[in-house]
1. Say we look at the stretch 36-47 and pick out the residues that are under 11 Å from Ala111 (Cα atoms) and either of a type in the set (Val, Ile, Thr) or in contact (Cβ under 8 Å) with a residue 40 or more places away in the chain (or both); which of these is surrounded by the most Cβ atoms within 10 Å (Cβ to Cβ)?
2. Test Glu137 against the stated conditions and say whether it is among the charged types (D, E, K, R) and either over 15 Å from the mean Cα position of the chain (by Cα) or surrounded by fewer than 16 Cβ atoms within 10 Å (Cβ to Cβ) (or both).
3. Quick check on the stretch 18-52: of everything there that is of a type in the set (Val, Ile, Thr) and assigned to a helix (DSSP H, G or I), which residue is farthest from Val93 (Cα to Cα)?
4. Looking at Ala96, Ala90, Ala80, Ala51, which one is within 18 Å of the chain's Cα centre (by Cα) and free of Cβ contacts under 8 Å to residues at least 12 places away in the same chain?
5. Restricting the first residue to the stretch 131-150 and requiring it to be within 23 Å of Leu28 (Cβ to Cβ), which pairs with a second residue that is polar (S, T, N, Q) and in a helix (DSSP H, G or I) meet a Cβ separation below 9 Å and a spacing of at least six or different chains?
6. Looking at the stretch 62-86, which of its residues are among the charged types (D, E, K, R) and not in a helix (DSSP H, G or I)?
Amino acid sequence: MTANPRSTVRIAGHPLHPILVTIPIGLLIGAFITDLAYWLTGWASFAYFSAWLIGAGIIGALIAAAAGFIDFVAEPRIRAMRKGWYHFIANLVVVALSVANFIVHMRDGAAAVLPAGLTLSAIVTVLLLFSGWMGGEMVFKGRVGVHDDTSERSA
């Protein structure tokens, strides 16, 4: 067993989950930005951009979630971390709210953005900030997926 909790989904020793999460985070926060742009400008194209961003964000989130879930299930030391559970549950809520937001955006087009779509996008963004913070706590303080190479000593 390694000294630190390890990621089981990795390539050449590099955990995949932290790499994969950047895509849905960017897409879903981008949807919040385009919802804000629609609210401020009234330009309907921003509302349609949001729908596309949310749809792609959900797909990306499911891919990232697969890697994260495997790590969560396969490494008991990750499951033992309270912050790991916060991260896991927050991400589940993000995906569920994003699916609801996608349905809202698709249902009524640009008219759906205010207030429901914008509100859901804002909540998702806040939850992503919280979940990302918890993920960072797991890596930087809990050392999840960090390989401490003791064979190389600095002079």
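1. Filtering first and then ranking leaves Ala47.
2. Values: among the charged types (D, E, K, R): yes; either over 15 Å from the mean Cα position of the chain (by Cα) or surrounded by fewer than 16 Cβ atoms within 10 Å (Cβ to Cβ) (or both): no.
Taking the combined requirement at face value, the residue does not satisfy it.
3. Selected residue: Thr41.
4. Exactly one of Ala96, Ala90, Ala80, Ala51 is within 18 Å of the chain's Cα centre (by Cα) and free of Cβ contacts under 8 Å to residues at least 12 places away in the same chain, namely Ala96.
5. Ser131/Asn91; Gly135/Asn91
6. Across the stretch 62-86, the qualifying residue is only Glu75.
Matching residues to (1) in contact with a helix residue (DSSP H, G or I) (Cβ under 9 Å, 6 or more places away or on another chain); (2) over 13 Å from Thr34 (Cβ atoms); (3) at pLDDT 95 or above:
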{"residue": "Trp52", "(1), (2), (3)": "yes, no, yes"}
{"residue": "Phe69", "(1), (2), (3)": "yes, yes, yes"}
{"residue": "Tyr86", "(1), (2), (3)": "yes, yes, yes"}
{"residue": "Leu97", "(1), (2), (3)": "yes, yes, yes"}
{"residue": "Ala111", "(1), (2), (3)": "yes, yes, no"}
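The values are calculated or read from the model by the stated rules, or taken from the named source; none is laboratory data. As the structure is a computational prediction, the values presented were derived from the model and not from experiment. Cβ coordinates were reconstructed from backbone atoms using ideal geometry, including for glycine residues, and neighbour counts include every protein chain displayed.
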